[in-house]
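Below: the structure, in structure tokens.
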Amino acid sequence: MTAPRPRPIAFFDMKAQQALIRDDIDLRIAAVLDSGRFVQGPEVEELESRLAEFTGAAHCVGVSSGTDALQIALMAEGIGPGDAVFLPAFTYTATAEVPLVLGATPVFVDVEETSFNLDLADLERRIALVEREGRLRPRAVIGVDLYGLPADWPAIEALCARRGMFALDDAAQAFGAALHGRRLGAWADATACSFYPTKTLGCYGDGGALLTNDAGRAELYRSLRTHGEGRTRYEVLRTGMNGRLDTIQAAILLAKLPLLADELAARRRLAAFYAERLGAHVAVPRLPEGAESAWGIYTILLPDAAARARVQQAMAAQGVPSAIYYPKPLHHQPAYARHHAASIAGGPPPLPVSETLCDRVLSLPMHPYLDEAQAERVCAAVLSGL
Ligand SMILES: *Cc1c(COP(=O)(O)O)cnc(C)c1O
């Protein structure tokens, strides 16, 4: 008799979860089909109150994607030409494209090697450089909770409050994460969430939300997501966009939300398992005091690009998927290099940590339905490539 073939390992797994709640999802989608309220149906409002409750934020506004959440948040502050928006060089492209779409200038900031998040000293330094030059107004900081780990929000918020800047949390990878016992959602002036299928809370298409404690901002977000409408549908108060969350996606998220707390716990257990097995051999993520990661992505650090290539090959040979988030810092991307060069006169200071991280990061399979035998195989494959 041959041994049973081991279960294939998925990098993200949406099928196992779907099997648990498929009946509920089918019922909820059918209810939307029956009602015919595909846009701004009652499910959207129901989801908004559930998400506010889950995160502890006072207001939640469902929108069409994480990217549109970022855009609506900056539009509500009137950010545009002549404004500098500070954000990490080591993040997903959406964080940087939004200020550019609005005519503002992204100013890339370096990150810390330990947290992968904004380096506050470098942020202060670049704000001072922009201020001294006097050409752009420092208006906003977009902090990213990369891989699910909250950035240092008390410090970012304090810095922004001191300088009259807007603090925007790009929590696209971190829905469910917490700081000092409070979930992300009201640590920054506004928090942008993504429900892209592979995020910690994902729908079956595109979706997103904005969370805030500020009632005035929430009202603006509702207006901006619907073409800047006022109290009636045909009163247009401001330039907005079509940025609504689909009713069907809201219905799917309502079916998924009850699983989230257990899924976050399963992600935490997997992260602890990886750290225990691998921590003596490679750099594994360590959480700062009081931080609870959503573990959207689990990323280890290898000494250099060659070592990473060896581990990645060993993993692939053993059928274990891996990924590199991100192979290139944003200031080296063709779309941004020129804007970066022009953001600070005489050329901005280098971004050494963002650059070396791109050579060293490697992400392992991370999802709530990875069992212990699979996690063992992931670790064995990593160790065999060292
Ligand atoms: C996924 C992601 C976004 C964009 O979210 P979408 O819903 O895909 O538009 C923005 N920022 C970060 C850091 C992300 O990971």
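The values are calculated or read from the model by the stated rules, or taken from the named source; none is laboratory data. Computed from a predicted model, the values in this text were never measured in an experiment. When we count neighbours, we look across all protein chains shown, and the Cβ atoms used for this are built from the backbone with ideal geometry, even at glycine. When the accessible area is computed, the model is the full protein with side chains, heavy atoms only, and any ligands, DNA or RNA have been set aside. Shrake-Rupley method; radii C 1.70, N 1.55, O 1.52, S 1.80 Å.
Of Asp152, Asp68, Asp304, which is the most mobile in a GNM of the chain whose springs link Cα atoms less than 10 angstrom apart?
Asp304
From the Cα gyration tensor of the chain, with a ≥ b ≥ c the square roots of its eigenvalues, which class applies: rounded if a/c is under 1.5, or else prolate if a/b is larger than b/c, or else oblate?
Values: a/c = 2.02, a/b = 1.12, b/c = 1.80.
Oblate shape, in that a/c is at least 1.5 and b/c is the bigger or equal ratio.
Go ahead and set up a Gaussian network model of the chain, Cα springs under 10 Å, then flag whichever of Leu259, Leu301, Leu220 fluctuates most.
Residue with maximal mean-square fluctuation among Leu259, Leu301, Leu220: Leu259.
What is the magnitude of the charge dipole of the chain about its Cα centre, with +1 placed on the Cβ of each Lys and Arg, -1 on the Cβ of each Asp and Glu, and no other charges, expressed in debye to the nearest 20? Could the numbers behind the result be given before it?
Numbers: 37 positive and 45 negative charges, 107 e Å.
Computed charge dipole of the chain: roughly 520 debye.
I need to check one value: relative contact order of segment 16-258, counting alpha carbon pairs closer than 8 Å and at least 6 residues apart, in percent.
Relative contact order, segment 16-258: 26 percent.
Within straight cross-link reach of Lys199, meaning Cα distance under 18 Å, which lysines are found once same-chain residues fewer than 8 apart are removed?
Hits, sequence-local ones excluded: Lys15, Lys256.
Taking only Cα atoms and a 10 Å spring cutoff, compute GNM fluctuations for the chain and point out the largest among Tyr196, Tyr221, Tyr234.
Tyr234
Got a sec? Charge dipole of segment 259-384, +1 on Cβ for Lys and Arg, -1 for Asp and Glu; which of His331, Ala375, Gln312 is way out at the positive end?
Farthest towards the positive pole: His331.
Put Ser223, Ser49 in order of accessible area, largest first, 1.4 Å probe: what do you get? If you can, show how the numbers build up before the last one.
On the way: Ser223 10, Ser49 65 Å².
Per-residue accessible area, sorted high to low, gives Ser49, Ser223.
Could you order Lys256, Lys328, Lys199 by accessible surface area, starting with the largest, using a probe radius of 1.4 Å? Can you show the working numbers first?
Numbers: Lys256 5, Lys328 90, Lys199 45 Å².
Per-residue accessible area, sorted high to low, gives Lys328, Lys199, Lys256.
Express in Å², to the nearest 10, the accessible area of Ile248 obtained by rolling a 1.4 Å probe over the protein heavy atoms while all chains stay in place.
Accessible surface of Ile248 is approximately 50 Å².
Two-decimal Rg/Rh of segment 259-384 from alpha-carbon positions, Kirkwood Rh?
Working: Rg = 17.0 Å, Rh = 16.2 Å.
Rg/Rh: 1.05.
What percentage of all Cα-Cα pairs in segment 1-119 are separated by more than 17 Å? Working shown, then result.
Numbers: 5246 of 7021 pairs.
Within segment 1-119, distances greater than 17 Å cover 75 percent of Cα pairs.
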